[in-house]
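First the structure, then my questions, so here it is.
The values are calculated or read from the model by the stated rules, or taken from the named source; none is laboratory data. Small disclaimer: the values here were computed from a predicted structure and weren't measured. Note that each Cβ is placed from the backbone with ideal geometry, even for glycine, and that neighbours are counted across all protein chains shown.
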Amino acid sequence: MINIKYKPNCCGCSACVQVCPKQCILFNEDTEGFLYPVVNKKLCIDCGLCEKVCPFLNPSAPRKPVRVLAAINPNEDIRMKSSSGGFFTMLAEAVIDEGGVVFGARFDINWEVMHDYTETKEGLDTFRGAKYTQSKIGITYKEAKDFLMQGRKVLFSGTGCQIAGLRLFLRKEYDNLLMVEIACHGVPSPAVWRAYLDDVTKGNKDKINSINFRDKRNGWNGYGLTIEKDDDIIYEFSTSNRYMQSFLKDLCLRPSCANCPVKQGASGTDLIIGDFWGVENIHPEIYDNKGCSFVVVNSEKGKEQIVQINTKNLEITYEEGCRYNPCLVQSSAESRYAPIFWRQFHKNGVMAINDTLKILHSNRIQRMAYLIWYKVISKIRK
């Protein structure tokens, strides 16, 4: 049976929860806001399925790309609403035109992130745009399998670990399945996001109308976080927004993100979509600061699918796409300040972000002094 003794070895993909024939595995949220499986041993029949679908227990080898593209959606409105070049929308619309179903991440009524599916182009609006907190997969692997067995075409998008979880859960290849991995820096804590939202809305999250983690009003390279409320609009550049900085500085990532087993296509995905950061330096002829997608084609199925899409694209090399986007090939670094952040978060809540960022922004001598002091205090408290 699945038994998580070391948290960096669980990505929270939920494959074990969904595959259990006795439904004896539940997800419990830990003090950092991440979900981990817990087995009811009285109901467990030791079938071993939960272990067979775990991405950490069943790693795959990296895959060599079949084709690599820089892609731009010709629809300017869609591109500006998208995180990068709007390629995902074009891909998803093509699948829906074939009578298919698209799975992606959307906000729930509490502005936390969950996986869901849509059968309409209008429904794609909720999936569009990055959502920087870990998505709850729910029962979407089961739902995807049901559609696949009906003969429907399915596009399933998610982080690499979620794609790996789906592939292992299904335990067979489906010609009508298109797996799309969204390039991932790491997944931030839902608990930190929850606390941040409560703080900036003063507990009135029901007044929120929309949230955009990648608002491009000041350009793709200068994106910001926008929260539109009934009576106010909160907008901050990502470089100054405390929640975004806690994410980008690796303070509140899931422990497994520093030990990701699915980089370089090892998830088994057909396509990987991300930002083509640095395009202005590599291919300035297609740069306009409105967003450009980096598309890695990892299978013949993925190659056949993109041929059907009418997009502005440019053949590039894998190395060009990864040059300014290292998360495509390597795990996020484990921040030495993360333990400090979590100790502060459990004591002071969201103010821990401010406190930890102050340390990060201090000079080198002050940072080293604080780290030494923290280690001494930690040993005394033990």
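Taking the options E280, E285, name whichever one is surrounded by fewer than 16 Cβ atoms within 10 Å (Cβ to Cβ) and assigned by TED's automatic domain parsing to the domain that holds M90. Spell out the reasoning first.
Values: E280 fails: surrounded by fewer than 16 Cβ atoms within 10 Å (Cβ to Cβ).
After ruling out the rest, the residue left standing is E285.
If the Cβ limit is 7 Å and pairs must be 6+ apart or interchain, which residue in the stretch 106-120 that is at positive phi and in contact (Cβ under 8 Å) with a residue 40 or more places away in the chain pairs with which residue that is surrounded by 19 or more Cβ atoms within 10 Å (Cβ to Cβ) and not in a strand (DSSP E or B)?
W111/L197
Out of all the residues in the stretch 192-206, which are buried (at least 22 other Cβ atoms within 10 Å of the Cβ) and either closer than 27 Å to P55 by Cα or among the charged types (D, E, K, R) (or both)?
V192, W193
Would you be able to say whether some residue in the stretch 57-78 is farther than 30 Å from G278 by Cα and of a type in the set (A, V, I, L, M, F, W, C)?
Taking the stretch 57-78 and keeping what is farther than 30 Å from G278 by Cα, we get 57-59.
Remaining after also requiring of a type in the set (A, V, I, L, M, F, W, C): 57.
Within the stretch 57-78 (the criterion being farther than 30 Å from G278 by Cα and of a type in the set (A, V, I, L, M, F, W, C)), the answer is yes, since at least one residue qualifies.
Here's something else I'd like to know. Could you tell me whether any residue of the stretch 206-221 is in a helix (DSSP H, G or I) and of a type outside the set (G, A, S)? Talk me through it step by step, then tell me what you get.
Let us first name the residues in the stretch 206-221 that are in a helix (DSSP H, G or I), namely 206-207.
Applying the additional criterion that residues be of a type outside the set (G, A, S) yields 206-207.
Yes, some residue in the stretch 206-221 is in a helix (DSSP H, G or I) and of a type outside the set (G, A, S).
Additional query: Look through A195, A164, A144 and report the one residue that is farther than 30 Å from G278 by Cβ, out of contact with any strand residue (DSSP E or B) (no Cβ under 7 Å at 6 or more places or on another chain) and aliphatic (A, V, I, L, M).
On the way: A164 fails: farther than 30 Å from G278 by Cβ; A144 fails: out of contact with any strand residue (DSSP E or B) (no Cβ under 7 Å at 6 or more places or on another chain).
Exactly one of A195, A164, A144 is farther than 30 Å from G278 by Cβ, out of contact with any strand residue (DSSP E or B) (no Cβ under 7 Å at 6 or more places or on another chain) and aliphatic (A, V, I, L, M), namely A195.
For the stretch 28-48, which positions are touching a residue at least 60 places away in the same chain (Cβ under 8 Å) and on the phi < 0 side of the Ramachandran plot?
So in the stretch 28-48, the residues touching a residue at least 60 places away in the same chain (Cβ under 8 Å) come out as 29, 31-35.
Scanning the stretch 28-48 gives E29, T31, E32, F34, L35.
State which residue is surrounded by the fewest Cβ atoms within 10 Å (Cβ to Cβ) when the search covers only the stretch 344-357 and only residues that are over 15 Å from M244 (Cα atoms) and without any contact (Cβ under 8 Å) to a residue 12 or more places away in the chain. Let's see the steps before the verdict.
Initially, the stretch 344-357 is screened for residues over 15 Å from M244 (Cα atoms), giving 344-349.
Next, only the ones that are without any contact (Cβ under 8 Å) to a residue 12 or more places away in the chain stay: 347-348.
On the way: K347: 10, N348: 12.
Among those residues, the one meeting the criterion is K347.
May I pose another question? Which strands (runs of 3 or more DSSP E) does the stretch 1-109 wholly contain that include 1 or more residues that are farther than 30 Å from G302 by Cβ and modelled with pLDDT of 95 or more? Can you show your working first?
Details: elements: 25-29, 35-39, 67-72, 101-107.
Output list reads 25-29, 35-39.
For the stretch 190-244, how many residues are free of Cβ contacts under 8 Å to residues at least 12 places away in the same chain and hydrophobic (A, V, I, L, M, F, W, C)?
1
Would you point out which residue out of N40, N73 is over 24 Å from L248 (Cβ atoms) and not assigned by TED's automatic domain parsing to the domain that holds V19? Walk me through it before giving the result.
On the way: N40 fails: not assigned by TED's automatic domain parsing to the domain that holds V19.
Checking each option against the conditions leaves just N73.
Restricting to the stretch 198-222, count the residues that are under 20 Å from T239 (Cβ atoms) and not small (G, A, S). Give the steps one after another, and end with the answer.
Looking only at the stretch 198-222, we keep the residues that are under 20 Å from T239 (Cβ atoms), and these are 199-200, 211-222.
Within this subset, residues satisfying the condition of being not small (G, A, S) are 199-200, 211-218, 220-221.
Number satisfying all stated conditions: 12.
Hey, another quick one. Inside the stretch 192-219, can you point out the residues that are of a type outside the set (G, A, S) and within 16 Å of R128 (Cα to Cα)?
Going through the stretch 192-219, the residues of a type outside the set (G, A, S) turn out to be 192-194, 196-202, 204-209, 211-218.
Correct list: N209, I211, N212, F213, R214, D215, K216.
Then there's this: Quick one: which helices (runs of 4 or more DSSP H) sit completely within the stretch 222-316 and have at least 3 residues that are in contact with a strand residue (DSSP E or B) (Cβ under 9 Å, 6 or more places away or on another chain) and more than 16 Å from N73 (Cβ to Cβ)? Break it down into steps so the answer makes sense when it comes.
Details: elements: 242-248, 279-282, 300-307.
Those helices (runs of 4 or more DSSP H) span 242-248, 300-307.
Checking the conditions here, which among F87, F103 is in contact with a Ser or Thr (Cβ under 7 Å, 6 or more places away or on another chain), closer than 30 Å to D206 by Cα and aromatic (F, W, Y)?
Numbers: F87 fails: closer than 30 Å to D206 by Cα.
Every option except F103 fails the conditions.
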